[in-house]
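First up is the structure itself, then whatever we jot down about it.
The values are calculated or read from the model by the stated rules, or taken from the named source; none is laboratory data. Treat the numbers as computed from the prediction; the structure is a model and nothing was measured. Cβ: placed from backbone, ideal geometry, glycine included. Neighbour counts: every protein chain shown. Just so you know, the surface numbers come from the protein's heavy atoms only, side chains and all, with ligands and any DNA or RNA stripped out. Shrake-Rupley method; radii C 1.70, N 1.55, O 1.52, S 1.80 Å.
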Amino acid sequence: MQDNRTSKENYYLGIADSVLARSTCLRRKYGAIIVRNDEIISTGYNGAPRGRQNCSVLGRCTREDMGIPSGQRYELCRSVHAEANAIISAARRDMLGGTLYLVGRDAKTNELLGDTMPCSMCKRLIINAGITQVVVSTGEGSYDVIHVRDWVFNDDSVPRPGI
């Protein structure tokens, strides 16, 4: 008998995709969930810190107003990233050995982002949280699995000679 159910990866990515509906970013919406032993530990989406006004309420994005390309100058962004929000909503002991699932969509077109990847700061948080793998959506029904240990051993925060 054939099992026609969706894969576990796409199941959890679908839940992360639902979480991103709460995002308040005007550029890109992200949803993240942390799962360990087939149990959802926490969820997170990108938005302003609690108590601060969201960009969706303000009706403007500071980085967009300044013409800053996506992926740059995050310190000017009002949002806490989805991965960070999921991590701060869980105890480390519950995340150890877990998997973080991450989905991104363009806020204007709602199209899935094929280049979804945690930023360098979120990578550090994921490493310290004890999460062992990250599954990122790369399109409808497709995904990449990233082993967090690769980020530890291939440290992109250390300048390479000649670069």
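Remarks
- Pick from the stretch 43-62, criterion part of a loop (DSSP other than H, G, I, E, B) and closer than 30 Å to residue 131 by Cα, ranking: most open to solvent (accessible area, probe 1.4 Å): 50
- Given (1) modelled with pLDDT of 95 or more; (2) more than 15 Å from the chain's Cα centre (by Cα), index of the condition residue 22 fails: (2)
- Qualifying residue in the stretch 85-100 (condition: of a type in the set (Asp, Glu) and either assigned to a strand (DSSP E or B) or under 15 Å from the mean Cα position of the chain (by Cα) (or both)): no
- Residues of the stretch 101-148 that are in contact with a Gly (Cβ under 7 Å, 6 or more places away or on another chain), hydrophobic (A, V, I, L, M, F, W, C) and part of a loop (DSSP other than H, G, I, E, B): 113, 131.
- Condition check for residue 79: in contact with a Cys (Cβ under 6 Å, 6 or more places away or on another chain), of a type in the set (S, T, N, Q), open to solvent by less than 40 Å² (accessible area, probe 1.4 Å) and in contact (Cβ under 8 Å) with a residue 12 or more places away in the chain: yes
- Count of residues meeting criterion [open to solvent by 10 Å² or more (accessible area, probe 1.4 Å) and touching a residue at least 40 places away in the same chain (Cβ under 8 Å)] in the stretch 122-147: 4
- Residues of the stretch 92-113 that are open to solvent by 50 Å² or more (accessible area, probe 1.4 Å) and either of a type outside the set (S, T, N, Q) or on the phi < 0 side of the Ramachandran plot (or both): 92, 93, 94, 96, 108, 109, 111.
- Checked against (1) touching a helix residue (DSSP H, G or I) at 6+ places or on another chain (Cβ under 9 Å); (2) within 29 Å of residue 93 (Cα to Cα); (3) of a type in the set (A, V, I, L, M); (4) open to solvent by 20 Å² or more (accessible area, probe 1.4 Å), residue 16 passes all but condition (4).
- Qualifying residue in the stretch 3-12 (condition: over 18 Å from residue 137 (Cα atoms), in contact with an Asp or Glu (Cβ under 8 Å, 6 or more places away or on another chain) and in a loop (DSSP other than H, G, I, E, B)): no
- Checking each residue in the stretch 25-42 for being open to solvent by 60 Å² or more (accessible area, probe 1.4 Å) and of a type in the set (Val, Ile, Thr) picks out only 40.
- Residues that are open to solvent by 40 Å² or more (accessible area, probe 1.4 Å), within 17 Å of residue 29 (Cα to Cα) and in a helix (DSSP H, G or I) within the stretch 63-73 comprise just one, 64.
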